[in-house]
Amino acid sequence: MNERECQKLVAVLSAAYSSQLAKQTRDQQEEMQGIYCRMLGDVDYVVANAAVERLIATKTWLPSIAEIREACIDISTGPPRAGLEAW
């Protein structure tokens, strides 16, 4: 995804979890945006957007980058299967 698309995702997360992020300074918000964009930049925007929407609907707290990436994998490939089922 490109920088603008990533900024949209971070803006959606910020709006959804605004009460948790209310105490952040402007610098902290920009730093968070930069980290999320750097760590999610290789993910397809459509998949990342679907993952963020799923996480907003199911998580009480701001999802970590790892949670977003895990949700992206679940959306792209389906949830992991048990050993015997996969075999």
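The values are calculated or read from the model by the stated rules, or taken from the named source; none is laboratory data. Please read all numbers here as calculations on a predicted model, not as lab measurements. Every residue, glycine as well, gets a Cβ built from its backbone with ideal geometry; the counts of neighbours run over all protein chains shown. Side chains included, ligands, DNA and RNA excluded: accessible areas come from the protein's heavy atoms. Shrake-Rupley method; radii C 1.70, N 1.55, O 1.52, S 1.80 Å.
Inside the stretch 17-49, can you point out the residues that are closer than 20 Å to Glu5 by Cβ and among the charged types (D, E, K, R)?
Scanning the stretch 17-49 gives Glu30, Glu31, Arg38, Asp42, Asp44.
Among the residues of the stretch 39-73, which ones are among the small types (Gly, Ala, Ser), assigned to a helix (DSSP H, G or I) and free of Cβ contacts under 8 Å to residues at least 40 places away in the same chain?
Ala50, Ala51, Ala57, Ala66, Ala71
Name the residue that is nearest to Cys72 (Cα to Cα), counting only residues in the stretch 17-39 that are surrounded by 12 or more Cβ atoms within 10 Å (Cβ to Cβ), among the aliphatic types (A, V, I, L, M) and at pLDDT below 95.
If we take residues in the stretch 17-39 being surrounded by 12 or more Cβ atoms within 10 Å (Cβ to Cβ), among the aliphatic types (A, V, I, L, M) and at pLDDT below 95, then Met32 is nearest to Cys72 (Cα to Cα).
Could you list all residues from the stretch 40-63 that are within 16 Å of Val12 (Cβ to Cβ), polar (S, T, N, Q) and open to solvent by 50 Å² or more (accessible area, probe 1.4 Å)?
If the condition is that a residue be within 16 Å of Val12 (Cβ to Cβ), polar (S, T, N, Q) and open to solvent by 50 Å² or more (accessible area, probe 1.4 Å), then Thr58 is the only one that fits.
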